[in-house]
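J.: Supplied in structure tokens, the structure appears directly below.
We did not get these values from a lab; they are worked out from the coordinates using the rules stated. Because the structure is predicted, anything quoted here is derived from the model rather than measured. In this analysis, Cβ positions are derived from the backbone assuming ideal geometry, glycine residues included, and neighbour counts consider all displayed protein chains.
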Amino acid sequence: MTMHASKRAPWSLSRWILWRTLPVDEREEILNDLDEAAVRFGGRGPRAWLWRWRQTLSFSARFIVERASERSPHLANTHTSRGASFAPQKRKERLMSGWWKDFGFAVRQLLRKPGFSAVVVLTLALGIGPNTAIFTVVNGVLLEPLPYERPEELALFRVDLSGLERHPGLAQAEVIDFRAASTLSDVGAVSREISTSITTEGNMQAILAAQVTPNLFPLLGVEPMIGRNFTAEEGAPRISGEDGEQEEERVPIGIISYALWQQRYGGDREILGKTLDLGSQSLQIVGVMPDGFQLLLGPGTSLSPDIDLWIPLPLDPDHRSFWAIRTIGRLAPGRSLREAQAEVELIGQQMVEEHPENYENSGIRFYLHPLHGDLVQNVRPAIFSLLGAVGLVLLIACTNAASLLLASMRSREKELAVRTALGAGRGRIIRQVMSESLLLALMASILGIFLAAFGLETLLALQPAGLPRADNIRLDATVLLFTLAGAFVAALAAGIIPAWKASSPEVQESLKEGRRHGGSVRGRTRSALVVAEVAFSLVLLIGAGLLIRSFISLSRVDLGFDPEGVVTMRVPLDYERFNTPESRWDTYTKLQDRIGALPGVVATAGISLVPLGNQGMMASYSYEGSLDTDWNGLSADYRFVLPGYFESMGIRLMAGRDFEARDNQKIVPVAIVDVTLANEVWPDEDPIGKWLGLGLGSALEEDQPVEIVGVVEHSRIINVREVVRPQIYLPYRLGPAADLVFTVRSEGDPLAPVAAIREEAELLGTGRPIHSVRAMDSYVAAALGDTRFTLVLMGILAAIALILSTVGIYSVITYLVRDRLHETGIRLALGASQGEIVRMNLREGFVLALVGLPIGLLGALLLTGFLDSLLYGVGSTDPLTFAGIPILLLAVALLASYVPARRAGRVDPLVALRDE
Amino acid sequence: MSREALGEVEELVLLAILRLDGEAYGVPIVEEIEKRTDRQIARAAVYVALRRLRQKGLVSASMAAPEPVPGGRAKRYFRVEPAGIERLAESRSALLSMWDGLQPLLDKRS
């Protein structure tokens, strides 16, 4: 059969499939037509590739069905004239039925050796299952487009302030400027999440709200399911100055989420116009968002995907200094992100020039990040590493299956020789072996899908908190297609070498002579396969080893505080009722006293942000001697705390004193710094009594310096991984917000006093529910969670790899031992001891592993660099791991060879000599 | 032998061939249908329909000589046979008689 058409490169495999499935008399023209259509469709790259394959599958499927119905007799009368296609059809039919015959034969072959088939299927399933599972994650998180209209056009603005991390916020005036000046087809914005509470029928419930510009939902291509979106007027800023009357006229409105609608209003269709009681304010509901709508923004945006209430966000054209608005732009049709980026940067520069007072020395730069890419930026390295790992596992599984198939050919030598003698060509033999491996791979993929479905549950249970779109992860048609494609590749990979070897004329020749040279040929091939397996496994094991080391160093991090026994909770106050700093201080200290008096509570205090909550407040500082000069670029994390905070967290006070009530009764400019800052600024002096200059928008006046009254241990307050910015603690009174995080240390169960604390807060009349109650050690666990997630998966994959290669080494040595039985008999007869025989066979396994190691080490050196961002406290070429893991693998190889080697030593020389 | 009704795609293909008037081979047929109906059609469905029409004797095909340019190739051009035209006419009058008197329904909607 000629296949001249396949010479044209870009089609190759798909062309071959078409060539095989299209009717003989039409295929040439159809292929030509497809070529022409492909040219008109245009281009290269993945889109064109996809197009080709869609056409290929569509054509082959339709024509197979069409011709099947032509052939079946009860439809024959509708297709009377087969005309020109009749004769070639015959030949085609014969060929197709040839494949069927081979499949039938393969089924019988595999049924005859159920044990062997089961092992191969299981081996391949262990390779296919994890691939399916991880691909499901890749598909759900990375590949599937975001659920918005033409999501590839959406981009998130980020701001770079002279080298600090890219912050996802713009000032309100900047949003207006970008909307006006850029060619982006629209620019919309959303605030960070706001915790508030609603009261329905006397029940108070904490919810998350966010402000959006009226154009944001249309920009995303989403509209309320019931009711309407905000109008432009509703999103316009109030006229400042005499805002008194102006404000009265506007009724506050809001759009609620589907979840809130269902849960609080039972899906009431008459929802529009009802009021939502927010305590200090009530809103009129004008719309309900559709089920499942989420605004998915990337890390650092502090916007939960589960917002229950949307309210209009007015943009103030004079508001240019507080970077807090998350801004989304849509590229104009046909514009690339790069063009838009260049434009945004230019507009940014103009802004800086026009408003120098706002941007002085800020080094600000504006960036557009693709919305989807931005969302997944933190998880992409982990997911890709795992994808690489499952790919390796699949390779190992295929190698193993190839090795097993090769071994099975041994018992088939006679049969194959007979077939050849009866005139079966090389192609025929290859086809037969391939159909066996295809059948095995198909069965394995079914098993693999079950494994994946089961594995996915475990995987999602382990999911790190930072995995976006986790609810979008599911086994769907795309995944199943991927798995089938994977099985096909696996069948090819596992079958091609055995098929080639089995049909090799050399083997056939030697068979005719009735000798066994073929055995050693296949032995060599199998040895090479084992070497490859060892190398692949080593790469995986080293990867897992590095992650284990990271996990250990992460869990050993000195947090600087003792998380055990501590619970944290946010305690907001009704801002309308507690509208003076004094009243808030008063209420918080009262609450602190009452909580402190509860049974079991050892210590309690408050802080402005949850420790390890991945949030920070940062300020620049200066110190004596540098006070006259500019800010010298020093920055520190700062927090406002109630007296007793350090005690409640178990942070050691190293010098000076804690804050006291008197620091809070009026504005007293004092501070406590951590030991890092103290050592940095006054390495040889006592920091107590020294002064710091701070720039922060609090009760503190701009240049008023603060006096240092104490020094504490450095503690991790943003997350477990991130190390040292120096820290400055200030008395609550300097930043008297109506929202404070309480830290409560108690004996025994940290959550035990929570109910009593809620009661106390209610008795005090804080007017808002306590929320975000979490044990401190769960923050630590969550911080370890991301690493644990990757680690556990990588560990499982490495274990599978180790098991597979152990089985591989074992079966090859068994095979070699069997092959050498005759030789062993002679050696034993000539006086070799059992020990010598065992050692000889052991050496085989050892050598195979030894050859595989350097290849694997090289591979690991090349690949572990990709793990870099996942590692902690260990380099990607950690010598300990790179030395230790190969030793482990060698030991395993020896063990795997020992069992068959020992068996060889015990063989009866007479039996062995008789073996031919 | 009772005659099988024309399938929707078959009908579209027949009409497209007539419209293309002598220039009808696979690629332009698909394009014509997509352009006129303003929707995507599965390319393979068109080719299957062409095959069926040919087997039913409603269209005939002829190979044209390769174009005299580099890479020029032979194309199979299709022509509608009288039987095909007859079937199209039948189909049209059947549809029209089914529509008879239903015009107000359409007017109301638009």
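J.: Using the count of nearby Cβ atoms within 10 Å as a rough guide to exposure, how do A:R903, A:R320 rank from fewest to most?
T.: A:R903, A:R320
J.: Now for a separate question. Determine the shielding of peptide A:20-33 by partner chains: average, over its residues, the number of Cβ atoms on other chains within 10 angstrom of each Cβ. If you can, show how the numbers build up before the last one.
T.: Numbers: counts 0, 0, 3, 2, 0, 2, 7, 0, 3, 9, 7, 1, 7, 12.
The per-residue average across the peptide is 4.
J.: Also: For chain B, treating each Cα as an identical point scatterer without solvent, what Debye log10 I(q)/I(0) comes out at q = 0.11 1/Å?
T.: Log-scaled intensity ratios, in q order: -0.43.
J.: Still on this model: Let me make sure I get this right: for the stretch A:331-439, a, b and c are the square roots of the gyration tensor eigenvalues over alpha carbons, sorted descending. Under 1.5 in a/c it's rounded, otherwise prolate if a/b > b/c, else oblate. Which is it?
T.: Prolate, since a/c reaches 1.5 and a/b exceeds b/c.
J.: So, with +1 on the Cβ of K and R and -1 on the Cβ of D and E, and no other charges, what is the size of the charge dipole of the protein assembly as shown about its Cα centre, to the nearest 20 debye? The partial results should precede the final answer.
T.: Working: 105 positive and 117 negative charges, 1826 e Å.
With only Lys, Arg, Asp and Glu charged at Cβ, the dipole is about 8760 debye.
J.: Per DSSP H run of at least 4 residues, take -39500 (n - 2.57); add these up for chain A, divide by its residues and hand me the 222 nm value, nearest 500 deg cm²/dmol.
T.: Computed ellipticity for chain A at 222 nm equals -17000 deg cm²/dmol.
J.: As a footprinting exposure proxy, order A:R426, A:R326, B:R51, A:R40 by other Cβ within 10 Å, with the fewest listed first.
T.: Ranking A:R426, A:R326, B:R51, A:R40 by Cβ neighbours within 10 Å, fewest first, gives A:R40, A:R426, B:R51, A:R326.
J.: Name the long-range amide H neighbours of A:Y623: under 5 Å, sequence gap of 5 or more, or other chain; modelled H, no Pro or chain starts.
T.: Here A:G693 satisfy the definition.
J.: Next up: Put +1 on the Cβ of every Lys and Arg and -1 on every Asp and Glu Cβ in the stretch A:867-916; which of A:L871, A:A891, A:T881 then has its Cα farthest towards the positive end of the dipole?
T.: Toward the positive end, the furthest listed residue is A:A891.
J.: Follow-up. Starting at the first residue of the stretch A:297-303, write each ³J(HN,Hα) from the Karplus equation 6.51 cos²θ - 1.76 cosθ + 1.60 with θ = phi - 60°, in whole Hz, x for Gly and Pro.
T.: Karplus values, whole Hz, x for Gly and Pro: 10, x, x, x, 7, 6, 10.
J.: Okay, next question. Name the GluC sites (Glu not before Pro) in the stretch B:19-57 that are in a loop by DSSP and that have at most 15 other C-beta atoms within 10 Å, would you? Don't jump to the answer; show the numbers that get you there.
T.: Details: sites: B:E23, B:E31, B:E32, B:E34; in loops: B:E23.
Sites meeting the loop and neighbour criteria: B:E23.
J.: Restricting to Cα pairs below 8 Å that are 6+ residues apart, what does the relative contact order work out to for the stretch A:289-411? Please round to a whole percent.
T.: Reported relative contact order: 29 percent.
J.: Further, regarding this structure: Among A:K666/A:K690; A:K101/A:K501; A:K274/A:K590, which pairs are too far apart, with a Cα-Cα distance over 32 Å?
T.: Checking Cα-Cα distances, A:K274/A:K590 exceed 32 Å.
J.: Averaging sequence separations of C-alpha pairs under 8 Å and six or more residues apart, then dividing by the length of chain A, give the relative contact order as a whole percent.
T.: Working: 1510 pairs, mean separation 130.5, N = 916.
This gives 14 percent for chain A.
J.: A further question follows. Quick check on chain B: helices-only [θ] at 222 nm, where DSSP H runs of length 4 and up contribute -39,500 (n - 2.57) each and the sum goes over total residues. Nearest 500, please. Before the final figure, lay out each step's value.
T.: Numbers: 5 runs with 63 residues, N = 110.
Rounded to the nearest 500, the figure is -18000 deg cm²/dmol.
J.: Once the cut-off is 30 Å, how many percent of the Cα-Cα pairs in the stretch A:351-510 end up in the long-distance tail? Don't skip to the end; give the middle numbers.
T.: Details: 5770 of 12720 pairs.
Taking all Cα-Cα pairs of the stretch A:351-510, the fraction more than 30 Å apart is 45 percent.
J.: Put +1 on the Cβ of each Lys and Arg and -1 on the Cβ of each Asp and Glu in chain A; which of A:A494, A:L751, A:Q377 then has its Cα farthest toward the positive end of the dipole?
T.: Sorting the options by dipole projection puts first A:A494.
J.: Same structure, new question: Once the Cα gyration tensor of the protein assembly as shown is found, what semi-axes does its equivalent ellipsoid get, as square roots of 5 times the eigenvalues, in whole Å, sorted largest first?
T.: Largest first, the protein assembly as shown gives 65, 47, 24 Å.
J.: Let me ask something else. Would you kindly state how much longer the chain becomes between A:A38 and A:Q350 on full extension, computed as 0.36 nm times their sequence separation minus their alpha carbon distance, in nm to one decimal?
T.: 107.8 nm
J.: What percentages, rounded to whole numbers, describe P(r) for the stretch A:191-313 computed over all alpha carbon pairs with 5 Å bin width beginning at zero?
T.: Reading upward from the zero bin: 2, 10, 21, 24, 21, 13, 7, 2, 0.
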